[in-house]
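Engineer: Let me begin by handing over the structure; questions about it come next.
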Amino acid sequence: MPNAYISGTGGYVPPRVVTNDDLVQQYGIDTSHEWINRRTGINQRHYAEPGVGTAELGEKAARLALESAGLEPQDMDMILLATLSPDYCFPGSGVLMQRRLGLCDGPKARFVPAMDIRNQCSGFLYGMGTATSMVQSGACKHVLLVGAETHSAAIDLSTAGRTVSTLFGDGAGAVIVSATDEDRGIRGWWLGADGRGAEVLCQHVWNISKRPFIPVDENGVGQVQPEEMFAHMEGKRVFRAAVERMCEAVLTACTAQGITGEDVDLWCFHQANMRINQYVAKTLGIPDDKLIHNIDRYGNTTAATIPLLLDEAARGGRLQRGMKVAMVAFGSGYTWGSVICDW
Ligand code: ACO
């Protein structure tokens, strides 16, 4: 059985920076830099321009990951795209990204499988589990795995939506998971879910139990109320569940690998709230200098968060060959996961 390793990384955030002060001044939200920074550690986030969607952000990150791996889109045997903000309800953004990468054109067309993963902030780690299995089984030599989000289009940028909207930013991260005979790569992945928390953090704009799924007025025009159009979150419940499940995910991974936290060189935690990560790190005795962050600059970029962290660490020289890397995430669903990788 081959090992599966990360042969390339890429990351992209759209150029427009929106600071906490911009949320007050440009959008008129009753909030403050002090409130957001103290509760979450966020200083700014990036928003894509109208007309730009998730597959486009994902394509940009994917091309950078392919370049760093020295591979072409046509070398990929499968595409996985993790997102909670897909371009359309269906089809998934994976096929749109496949098309954008030129895989459907000309004599070099490759109609490889393209699959969306809908596991929110844990989506990238669910993707890592899937990509690793595909490579280790021999089904694929190279899998393109992308996490991409265009949150700015679907958050309530008014005071009514501030608890959720101030947290999120747009961006995309990508990795190539490749086969190798070398003794390195993804050592294991552990995923979990608890559907009892499904409605604690959710967006109900599409509700297929209704007839029709979106209420219509007398003229047949769909009517979506703000509470259904935008995400709903019980922040304190999510915070508590995140701390518990992330601690559990770390302990599960370390126990399965027969390692302790001290054996890990770099920790990549999902970035939903700096306070969650500080709490988990303190509980488990993980030193600050082994934790990397991007929430201050990007906010919560959901499925894009961990690949963006990996890409910055790899390009910045922080992540070196032979290091043991732990990735941990928790998100809506509830869903969570951890991955241990020898870089
Ligand atoms: N600016 C100013 N005031 C605000 C803001 C804001 N941005 N947001 C909320 N408030 C106000 C509320 O309206 C409330 O006011 P009130 O007391 O007058 O009603 C007060 O602040 C307290 O609100 P809470 O929601 O109780 O604030 P809390 O201390 O819980 O912090 C936060 C909110 C930061 C969102 C926190 O709950 C949190 O981080 N939760 C976890 C988020 C998370 O992990 N999400 C999971 C991943 S996301 C995914 O999977 C898609």
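The values are calculated or read from the model by the stated rules, or taken from the named source; none is laboratory data. Bear in mind the structure is a predicted one, so any value in this text is a computation, not a measurement. Every residue, glycine among them, receives a Cβ derived from its backbone with ideal geometry; neighbour counts consider all protein chains shown. For the accessible areas, the whole protein counts, side chains as well, though only heavy atoms, and no ligand, DNA or RNA atoms are used. Shrake-Rupley method; radii C 1.70, N 1.55, O 1.52, S 1.80 Å.
Engineer: Residues of region 157-186 being among the hydrophobic types (A, V, I, L, M, F, W, C) and within 12 Å of the ligand (Cβ to nearest atom), which ones?
Structural biologist: Selection gives LEU157, ALA160, VAL164, LEU167, PHE168.
Engineer: Follow-up. Counting residues that are open to solvent by less than 40 Å² (accessible area, probe 1.4 Å), which helices (runs of 4 or more DSSP H) fully inside region 208-306 reach at least 1?
Structural biologist: Helices (runs of 4 or more DSSP H) meeting the threshold: 235-257, 274-284, 295-298.
Engineer: For region 309-326, check the following and say yes or no: at least one residue is within 16 Å of the ligand (Cβ to nearest atom), part of a helix (DSSP H, G or I) and surrounded by 23 or more Cβ atoms within 10 Å (Cβ to Cβ).
Structural biologist: yes
Engineer: Would you mind telling me which numbered condition in (1) open to solvent by 10 Å² or more (accessible area, probe 1.4 Å); (2) out of contact with any Lys or Arg (no Cβ under 6 Å at 6 or more places or on another chain) ALA179 fails?
Structural biologist: Failed condition: (2).
Engineer: Let me ask another. Got a sec? Which strands (runs of 3 or more DSSP E) wholly within region 1-89 have at least 1 residues that are surrounded by fewer than 17 Cβ atoms within 10 Å (Cβ to Cβ)?
Structural biologist: Ranges flagged: 17-19.
Engineer: Name the pairs: first residue in region 29-48 and free of Cβ contacts under 8 Å to residues at least 40 places away in the same chain, second residue in a helix (DSSP H, G or I), Cβ to Cβ under 6 Å, at least 6 apart or on different chains?
Structural biologist: Listed pairs, sorted by first residue: HIS33/ASN20; HIS33/ASP21.
Engineer: Any chance you could count how many residues in region 182-207 are out of contact with any Cys (no Cβ under 9 Å at 6 or more places or on another chain), part of a loop (DSSP other than H, G, I, E, B) and open to solvent by less than 50 Å² (accessible area, probe 1.4 Å)?
Structural biologist: Number satisfying all stated conditions: 4.
Table: residues versus (1) within 11 Å of the ligand (Cβ to nearest atom); (2) farther than 19 Å from CYS89 by Cα; (3) assigned by TED's automatic domain parsing to the domain that holds LEU284.
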site: GLY195; (1), (2), (3): no, yes, yes
site: ARG211; (1), (2), (3): no, no, no
site: GLU218; (1), (2), (3): no, yes, no
site: VAL224; (1), (2), (3): no, no, no
site: LYS236; (1), (2), (3): yes, yes, yes
site: CYS247; (1), (2), (3): no, yes, yes
